[in-house]
Structures are given as structure tokens and as C-alpha cells.
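The values are calculated or read from the model by the stated rules, or taken from the named source; none is laboratory data. Since this is a predicted model, take the numbers as computed values, not measurements. Methodologically, a virtual Cβ is constructed for each residue, glycine included, from the backbone with ideal geometry; neighbour enumeration extends over all protein chains shown.
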Amino acid sequence: MYERLCVTLIIIASVCTLCRSQRSFGIDFDRNTFVKDGKPFQYVSGSVHMYRMPRAYWADRLQRMWTAGLNAIQTYVFWDQHELVEGVYNFEDNNDLVAFIQLAQKIGFVVILRVGPYGCGEHEFGGFPWWLLRDLNNLEFRQMNTAYLKAVTRWMSVLLPQIRPLLYNNGGSVISVQVENEYGSYPACDHNYMGYLRDMFRQYLGDNLVLFTVDGNGLGYLRCGTVKGAYATIDFGPGTNVNESFNYQRQYAPHGPLVNTEFYPGWLDLWGHQHSTVSTESIVKTLDEMLSIGVNVNFYMFFGGTNFGFTSGADPGYIPQPTSYDYDAPISEPGDITSKYMAIRNVIGKYLPLPSTPVPGNNTKKAYGSVRLSFKQSLLSYITSHSPFCTTSSYPKRFEELGQ
């Protein structure tokens, strides 16, 4: 009996190992397509960030994305959310990246990761932690700089080993990882830096993973943003000349799949400006045109959410973004299905099978009434009475110099 049990367990283990070994994701450059488990694969993806919604809503928002007909999600990893204090790492609660990716896989998605180190995403400091600014002597960002790369390398040595077991080829759902982020829009144009990141990603994630870059649909962006060994993709929104845009991609990726890594169904908001909107008609027209020629598309954003705390970013000239990151996305900030969602779903259904799961209804909202506030203490008197320490200086100090 014991011997039969041992043999059975060995067979089960062998079968599981065989199943994992048969999982594969890569690029067929001869057929200009992604290949998943030996078959051509086209993704229609949506961006969603776990930080921009309470963890209790993760499953709800992902399920709504699934019923839209998406087969992939794309997400940023914001460094500052995980290393708020230098050397102290937080991957718990709303920062539980592994749990978020595993939940996406359970629903049925493959996952596209954008790990930075710079992320943009209309997030504070592009996802860089504040403490990088504590000492500005000899510090230069996003290029071959000793102080900067020391911090980046240490962070990646913590993050990337957590991702490796989640790769599709290892039984997980992560099919590709982005190197940097729209680097062609940054003036440094340091190809050695991009090569450094590529090599570090390979060191931790292996040689069989699809690495990629994304840049604007122009040769000036692609010239500085691409790096050998990472597949070059582009981004553009509705109303753009699709063929012309992919002609730019083909300058740096002559063979392989056509990819729009950021297709914009909405846009960001700015303080003092009207809420940004993008017409559904223009979205579905360009989407239909792309899917008809086999383009792999990611909607940025499919669900925007909320910039909690002090995580909002800003445009140049310091024009800040508000707390809301609704983005006029197909799924609204409170999680509602919009008419834009349904129109996009109809177009996707022309090219890919839609799930049998019905589209969820919108959640019931509750009015909590008014909140009455009363005066307690002025801000300056509160600071004086509650500050744990006081610093005296001949000149004003930056927040980062004070550890804030």
C-alpha cells in the first residue's frame, strides 16, 4: 500500500512538472505574432492598478474587466508604495503584489508587468520613493549614476525574485515585463542605462521571458527609448493614423507582433480644468481598425480608481492631478459599467470570444449625509504642540532633508 502511494505521488509530481514545462510564451518573428503554448496569441488588455482601489474591490474590478472580453491585464509596480522607508519593504494588504497577480490568474488573465524603476502613471514622483531626494549631491535619475543605480539595484533584488515564480513559463500568469517606461520621452537618452536594466532583469527573471519597451509613436521617442533584447512597442490614442504609427514601430521591430501598449479610452484630469473625456465613437473606430489587423492592444486605463493619500502626480509646470483617477475609463471610479464599456465589449466580440459570464450590474450607492465640522485648533498651533522634534536652520530645508 505504501509503495503504491509513493508511486502515485511520483506520477502526479511528474505530470505537474510536465504541465509546467509545456507552458510557454514568446514571440514568433516569422509569423509576426505572440505565441502562447505553441499557438498564435493576440491579447486585448486593460490597465488596472491595485493601489488605486481598496483590496476588497480587487476581485470585483477584475471580474468586470474579464466580462468585457479582455484576456490580459497590465499593471504598474510603484516602488514608493513598497519602500516608503528606505530599506523597509511592504508587500502586505493593498501592496500584496503576488496576491493581486494570483487573483488575476485565477480569473483567467495573463499579466503584463511594468516594474520601472520609473513608472509615471500620473503617480507621485513617477513611483520613485521620496527618500531618493534626501541627498541631491552627485545624484542623477534614470541614467548611469552610481547613487541612483545603487538604490535601483537593491530594490530590484527584492522585487524581481518575487516575480520569477509568477512568470507564465513557470506556471504563473506574467507573460512580459517592461524595461523602464517611455524612456524616449526623457532627455538623458542613456542606452547604457537601458542595457543595465535589461541585463539585471535577465539575471533575476531568466532568458525566456519577453522583455519590452514602450514609447510614443514617433522615431524620436523610439531612438532613445528602445534597447536591444527588449521588444519595442508604441502607444497612441483614438483618432491616430494606425498604419503610420505601426510603420514607426516597424523601424525598431521589423518582425514580430504589432503592439499598442497604451491605447487611451480616456485621459487624466488636472486641477482647475474640466473633467477629461474621450468620445466612445472615436475609441471604437480606432479599436476596430487595430483589431482587424491583429494588433495587441492595452487600454490605459480600463479602470482608473483613486489617488489615495498624497499619491497624485502633476504635469510640467506643477499642474497637479486631483484625487480622482477616474480617467473617463470604461469602468468608472466607483466601479460602474459605462456605455463606453459596452461599446468596447461589442467590438472585442467581433474578433475574440466573449466569456459566458454575464456583465455584472452596478453596485448600489449609499448617501451618508452631511458631516458637521467644528473648530478645534489652528494648523500652526497643532504643529507646535504635536511635533516630535524641532529643527532650526538658517535657510529653509526641503521636506526630504527633514525625513518627510
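Taken over the stretch 352-384, the criterion of being among the basic types (Lys, Arg) and in contact (Cβ under 8 Å) with a residue 24 or more places away in the chain is satisfied by 365 alone. Comparison of 248, 221, 196 shows that the only residue that is touching a residue at least 24 places away in the same chain (Cβ under 8 Å), touching an Asp or Glu at 6+ places or on another chain (Cβ under 8 Å) and either farther than 28 Å from residue 98 by Cβ or part of a helix (DSSP H, G or I) (or both) is 221. If you go through the stretch 218-240 and keep only what is under 21 Å from residue 300 (Cβ atoms) and aliphatic (A, V, I, L, M), you end up with 222, 230, 232, 234.
Is there a residue in the stretch 367-379 that is modelled with pLDDT under 95, more than 26 Å from residue 233 (Cβ to Cβ), not β-branched (Val, Ile, Thr) and not in a loop (DSSP other than H, G, I, E, B)? Looking through the stretch 367-379, at least one residue is modelled with pLDDT under 95, more than 26 Å from residue 233 (Cβ to Cβ), not β-branched (Val, Ile, Thr) and not in a loop (DSSP other than H, G, I, E, B). Of all the residues that make up the stretch 24-62, how many are of a type in the set (A, V, I, L, M, F, W, C), more than 13 Å from residue 303 (Cα to Cα) and touching a Gly at 6+ places or on another chain (Cβ under 7 Å)? Residues that pass the stated criteria total 4. The residues of the stretch 288-327 that are surrounded by 16 or more Cβ atoms within 10 Å (Cβ to Cβ), part of a loop (DSSP other than H, G, I, E, B) and in contact with a helix residue (DSSP H, G or I) (Cβ under 8 Å, 6 or more places away or on another chain), listed by number, are 295, 302, 304, 305, 307, 311, 313, 325.
With the structure loaded, tell me whether residue 193 is under 28 Å from residue 321 (Cβ atoms) and among the hydroxyl-bearing types (Ser, Thr, Tyr) or whether it fails that test. Yes; evaluated as a whole, the condition is true for this residue. Within the stretch 199-218, the residues that satisfy the criterion of being in a strand (DSSP E or B) and closer than 14 Å to residue 116 by Cα are 211, 212, 213, 214, 215.
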